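Comments concern the structure below.
The values are calculated or read from the model by the stated rules, or taken from the named source; none is laboratory data. Since we're looking at a predicted model, the values are computed, not measured. Positions of Cβ are backbone-derived with ideal geometry, glycine not excepted, and every protein chain shown enters the neighbour counts.
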C-alpha cells in the first residue's frame, strides 16, 4: 500500500476523509455505567480526535458537548451540572444539551444578547445495549441507529465491555476480520485443554488440521462477508466460518463450534472506535437467546475476555510486561506463549506500532478480507469527498445479521443456506407483519 493511502485509511481527525466517513455512523463512546445520573458529574472523553464531555441534565436528557467552554477554553468536565445545563466554573457560562448558551452571568445586562450568538458543538446521543452512542456527522443527515441484533437485546441478555488499545483502529480491526490466524496465534496444544481436544471439538479439529483455508469475500450492503472454508482429507464434511464486517468499524466473529453442525449463538459484536489516529477503544458486545447466567456474565465480562483491567480500561497484560509472554507456556501449552485469546490478538496488532507501515507488507491469499476491507473503506472516503454519502449509514436494518459457524457436506452449497443462517432476530416491524 502506498504511504498516501495508508495515511488516508488511518487518519480520522476532523476534516480528514476517513474521519468524515466515521462521522456518518453512530458510534459507542461510553459504557452507560460510566455516565452518572441527572445533575451528577460530567464525563470527559476523546473520540475521532475530538475532546468531548457527556452529562445527564436535570431531566435526564443526554448531552454531549465540546469539552472546552468557548469563552476562554476551560474544561467543562469540571462544570456545575445544574438546572438543565452545564455551567463552566471559570466565569459561569452555562450550556444546555443542545449546546445553546443559556446564561452568561459574567457579562453586563447590556451585553446579554451575546449569549444568543454563542453555540457550542453538540452531538446527538442515545443509550442502548449498555452504552452511550453518538452521531458526529451533519445534523440534517442523522440516520437511525443501526439495528445490530446485540444492540436490541434487553440488558439481562447481553453484556457490554471495552478496553483501551494503543494503536490505530485499522490494524486492530484487521486482526478481528483475519480468520487465518486462528490456526496459529490461538492454537492450544492438546495438553493445555484436554476437555476441548476430544472428537466433538469440531473447531479445534479443523483449525489445527487445515492451516491454509480457502477464502472468499462477498461485498454486501452493510460491508463484507469474509468466508473461510476448511476441509480435511479424512473427513467428508467442510467447516465454514463466516466473519461479518459492518462499516465502518464493526465486526462479528463466528462462534466456536465444539459439537454439532451449526452455531450462531451467542451473538457477539466487536467494535474498534478510534480515539485518535494512534489509540482505539475496543468494544465487545455479547448476547444470547436466554437471560445470561452469572457464569456467562463472567465469561463475557472484561475479566473473562481480557483479564484484569484498571479503572481506565487499560489491560494488565500489555506491552510493558510483554503481555506476560512465557517461554514455558509457548513450548508446552500454546503456540503464542501468551494467555488469553484477546490478549494474543492485542500483542500482535499493538506490536506493529501505533500506525503500522503498510508500505512494507506482503499480502497473500489469506489476506483477501484485509485487502477488501481497505479497498471498501478507501472507496467510501473517495465517494464522500465527491458528494456521495455512504449508503450503509441510512440502512440501519441491514446490520441485523449474525456471523456463522457451520459444517456442510461436500455437495452442499453454503450460499444456499447462508441468508437464513446469517439473519438476526426479526425486527419489531418485521415481526408485526
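Please tell me if residue 80 is within 23 Å of residue 45 (Cβ to Cβ) and modelled with pLDDT under 95. The answer is no for residue 80.
If you go through the stretch 46-97 and pick out every residue that is touching a residue at least 24 places away in the same chain (Cβ under 8 Å), surrounded by fewer than 16 Cβ atoms within 10 Å (Cβ to Cβ) and part of a loop (DSSP other than H, G, I, E, B), you end up with 5.
A quick yes/no check of all residues on (1) in contact (Cβ under 8 Å) with a residue 24 or more places away in the chain; (2) touching a strand residue (DSSP E or B) at 6+ places or on another chain (Cβ under 7 Å); (3) surrounded by 19 or more Cβ atoms within 10 Å (Cβ to Cβ):
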site: 131; (1), (2), (3): yes, yes, yes
site: 139; (1), (2), (3): no, no, no
site: 159; (1), (2), (3): yes, yes, yes
site: 164; (1), (2), (3): yes, yes, no
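Within the stretch 412-433, being exposed (fewer than 13 other Cβ atoms within 10 Å of the Cβ) and modelled with pLDDT of 90 or more holds for 413, 415, 416, 419, 420.
Annotation for the stretch 324-337: no member residue is touching a residue at least 12 places away in the same chain (Cβ under 8 Å), part of a helix (DSSP H, G or I) and either crowded, with 17+ Cβ neighbours inside 10 Å or in contact with a helix residue (DSSP H, G or I) (Cβ under 6 Å, 6 or more places away or on another chain) (or both). In the stretch 98-129, how many are buried (at least 16 other Cβ atoms within 10 Å of the Cβ), modelled with pLDDT under 95 and not in a loop (DSSP other than H, G, I, E, B)? Of the residues in the stretch 98-129, 2 are buried (at least 16 other Cβ atoms within 10 Å of the Cβ), modelled with pLDDT under 95 and not in a loop (DSSP other than H, G, I, E, B). The number of residues in the stretch 340-396 that are outside any helix (DSSP H, G or I) and touching a residue at least 60 places away in the same chain (Cβ under 8 Å) comes to 10. Residue count for the stretch 226-262 under the criterion of being buried (at least 21 other Cβ atoms within 10 Å of the Cβ) and either under 13 Å from residue 402 (Cβ atoms) or at pLDDT 95 or above (or both): the result is 15.
For (1) farther than 16 Å from residue 134 by Cα; (2) over 20 Å from the mean Cα position of the chain (by Cα), each residue gets a yes or a no:
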site: 10; (1), (2): yes, no
site: 25; (1), (2): no, no
site: 71; (1), (2): yes, yes
site: 74; (1), (2): yes, yes
site: 80; (1), (2): yes, yes
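Among the residues making up the stretch 267-297, those that are more than 13 Å from residue 160 (Cβ to Cβ), modelled with pLDDT under 85 and in a loop (DSSP other than H, G, I, E, B) are 288, 289, 290, 291, 293. Residue count for the stretch 162-184 satisfying the condition of being at pLDDT 95 or above and outside any helix (DSSP H, G or I): 7.
Each row is one residue, and each column tells you yes or no for (1) free of Cβ contacts under 8 Å to residues at least 40 places away in the same chain; (2) in the same structural domain as residue 413 (by TED's automatic domain parsing); (3) in contact with a helix residue (DSSP H, G or I) (Cβ under 9 Å, 6 or more places away or on another chain).
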position: 225; (1), (2), (3): no, yes, yes
position: 236; (1), (2), (3): no, yes, no
position: 252; (1), (2), (3): no, yes, yes
position: 275; (1), (2), (3): no, yes, yes
position: 285; (1), (2), (3): no, yes, yes
position: 290; (1), (2), (3): no, yes, yes
position: 295; (1), (2), (3): yes, yes, no
